[in-house]
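For reference, the structure is listed below as structure tokens.
The values are calculated or read from the model by the stated rules, or taken from the named source; none is laboratory data. Keep in mind that what you see is a predicted model, and the values were worked out from it rather than measured. A quick note on method: Cβ atoms are made from the backbone with ideal geometry, for glycine too, and the neighbour counts reach across all protein chains shown. Remember, those area values only see protein heavy atoms, side chains included, never the ligands or the DNA or RNA. Shrake-Rupley method; radii C 1.70, N 1.55, O 1.52, S 1.80 Å.
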Amino acid sequence: MTVERLPTDWKSEAMRKRIAGRYAKERRFRLIGLGAVVLSAAFLAFLLFTMMGNGLRGFTRTEIALTVDFPASPLLLDPAAITDESLNQANLPMVTSTVAKQALGPDADTLLSSTAWITIRDAIKADPSILSRTETIALPASTGIDLAAKSEGPPEAEAAVARMEKAGVLTTGFNWNFLSASDGTDPAQVGIWGAFKGTLLTMLVTLLLSFPVGVATALYLEEYAPKAWWTDIIEVSINNLAAVPSIIFGLLGLSIFLNLLHLPRSAALVGGMTLALMTMPVIVIAGRNAIKSVPPSIRDAALGIGASPVQVVFQHVLPLALPGILTGTIIGMARALGETAPLLMIGMRAFIATPPGGISDPATVLPVQIFLWSDEVSKGFVEKTSAAIIVLLAFLLAMNGLAIYLRNKFETRW
């Protein structure tokens with residue numbers, strides 16, 4: 001059957017117009033795609049610029065050099081008999097305030113941090129002999145002075161900063177206390193070590209529980225489970241669990257681990273078990289996909305040379321699927337690292353002033369610590385929140401970098 005065509009179908013002018021229109025559509029699509037990439041990069045750059053601008057100041061601290069004449073100060077202690085108990089009974093906050101007023105003037109209490117006496121206490125504990133001489137100690141400044149020295153603060157604080165800079169007693173340097181201390185009420189003394197250690201312990205429990213169970217489940221479903229209705233139900237359930245909102249796992253952990261099993265509240269053990277429930281479906285799905293990607297010829301060749309089914313799985317299939325399994329595991333762990341809602345449900349939002357000593361001690365994690373600091377009234381916690389976000393992002397980047405390294409190290413190409 002012959003189809004008649006209109007004369008315009010084969011005219012060169014009409015063909016050129018159609019081709020030009022098609023090329024124009026392709027150029028528009030390319031420009032739209034490029035615009036989407038540029039817009040995404042701009043949002044990412046804005047986020048990083050904002051976090052870095054506020055967060056980098058959180059890693060610094062303004063200090064005031066205070067010369068303390070210990071023999072002439074109200075603090076009368078014997079350097080040879082100094083103990084923690086004697087320091088606790090020495091009323092160091094009042095002594096520090098008195099010495100500071102003698103050196104800095106009557107407004108010294110507004111210039112120094114309310115926890116500046118802790119620095120003097122630590123200096124005495126480190127070297128009790130300073131009680132017999134005059135010593136210059138750098139004490140943390142108050143929040144107003146710290147903000148005025150690093151950015152903008154109240155006019156009276158800026159005037160005090162100018163006066164102390166002229167006297168040469170004001171310095172701003174790296175805040176090591178931020179990396180070694182725990183939570184507190186004073187922005188000048190808070191740190192992330194307590195939350196960071198709690199994060200490490202929680203992630204360790206999560207990995208030890210979710211990885212072996214998830215990999216074993218993936219191996220069973222792919223290599224041993226028969227094709228039946230109950231295995232189909234298990235597969236559908238696992239896929240649904242991977243999409244369940246994280247706060248549901250928090251409610252599950254609250255009802256089972258705390259209310260039913262009476263495990264310690266706000267502990268890394270309970271947090272890790274709760275996050276393991278959330279991470280396990282992700283590991284199972286990633287493990288099954290990695291096992292499926294192993295060519296059937298590998299199994300056939302191993303069986304052909306006399307290997308048993310168990311040897312085929314553990315000596316041939318599992319090593320080849322390991323890069324995909326490890327990548328999925330670390331991505332699932334990175335997702336768990338950023339979760340806050342399930343941990344809030346099990347009480348990991350407690351005020352933790354000391355780092356946890358084990359998985360059963362009260363602890364908190366970095367996302368929850370960021371949430372708590374963002375809710376504080378003091379302006380000094382704003383930069384501490386951004387600094388903690390930078391640490392969390394660095395932790396996430398390190399985990400993703402580890403996933404890429406492990407994938408490239410164990411990956412086998414054929």
Heavy-atom accessible area per residue - region 305-374, 1.4 Å, Å²: 39
Reciprocal mean inverse distance between Cα atoms of region 281-338 - Kirkwood radius, Å: 12.1
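Rounding to the nearest 20 debye, state how big the charge dipole of the chain is about its Cα centre with +1 on each Lys and Arg Cβ and -1 on each Asp and Glu Cβ. Walk me through the numbers before you get to the answer.
Details: 32 positive and 32 negative charges, 493 e Å.
Using Cβ point charges on Lys, Arg, Asp and Glu, the chain gives about 2360 debye.
Highest mean first, how do 161-167, 315-321, 258-264 rank when packing is the count of other Cβ atoms within 10 Å averaged over residues? Kindly include the intermediate steps, with their values, before the conclusion.
Details: 161-167: 14.6, 315-321: 17.7, 258-264: 12.6.
In descending order of packing, they fall as 315-321, 161-167, 258-264.
Probe of 1.4 angstrom, ligands and nucleic acids ignored: what's the accessible area per residue over region 195-297, in square angstrom?
Working: 4830 Å² over 103 residues.
Averaged over the residues of region 195-297, the accessible area is 47 Å².
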For region 307-414: span of alpha carbons on each principal axis (Å, largest first): 66, 28, 23
Selected from LEU31, GLY173, VAL317, residue furthest toward positive end of dipole (the chain; charges at beta carbon): LEU31
Separation in nanometres of the label points that stand 7 Å from Cα toward Cβ, at PHE46 and LYS292: 3.9
Set of aspartates and glutamates near LYS197 by C-alpha distance (under 13 Å), chain-local residues within fewer than 8 positions excluded: ASP183, ASP361
Using a Förster distance of 25 Å, the FRET efficiency for ASN239-ARG407 (Cβ separation, nearest 0.05): 0.60
Label-point separation in nm, THR354 to ALA72, each point 7 Å along Cα→Cβ: 3.9
Taking region 299-396 and dividing mean pair separation by its residue count, relative contact order in percent (alpha carbons under 8 Å, at least six apart): 18
Region 334-346 - phi-based ³J(HN,Hα) in whole Hz, Karplus 6.51/-1.76/1.60, Gly and Pro as x: 5, 5, 5, 4, x, 7, 10, 4, x, 6, 5, 5, 9
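Quick check for you: with a 1.4 Å probe and neighbouring chains kept, what is the accessible area per residue of region 38-146, in Å²? It would help to have the intermediate numbers written out before the result.
Working: 5660 Å² over 109 residues.
Per residue, region 38-146 has an accessible area of 52 Å².
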Radius, Kirkwood style, for the chain when every pair of distinct Cα atoms is counted (Å): 26.6
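Across every pair of different alpha-carbon atoms, what Kirkwood hydrodynamic radius in Å does region 21-71 reach?
One decimal place: 15.5 Å for the Kirkwood radius.
In whole percent, and with a 1.4 Å probe on the protein chains, what portion of the accessible area of the chain is carbon and sulfur?
Details: 14660 of 22430 Å².
Accessible surface attributable to carbon and sulfur in the chain totals 65 percent.
Viscosity 1.002 mPa s, temperature 20 °C: give me the Stokes-Einstein translational D for region 175-260 in µm²/s, with Rh taken as the Kirkwood radius over C-alpha pairs. Each step should come with its number before you reach the end.
Working: Rh = 16.7 Å.
Approximately 129 µm²/s, per Stokes-Einstein.
Can you tell me, using C-alpha contacts under 8 Å and at least 6 residues apart, the relative contact order of the chain as a whole percent?
Details: 553 pairs, mean separation 80.0, N = 414.
The normalised contact order for the chain reaches 19 percent.
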P(r) of region 130-215 over all Cα-Cα pairs, binned every 5 Å from zero, in whole percent: 3, 12, 14, 14, 13, 12, 9, 6, 5, 4, 4, 3, 1
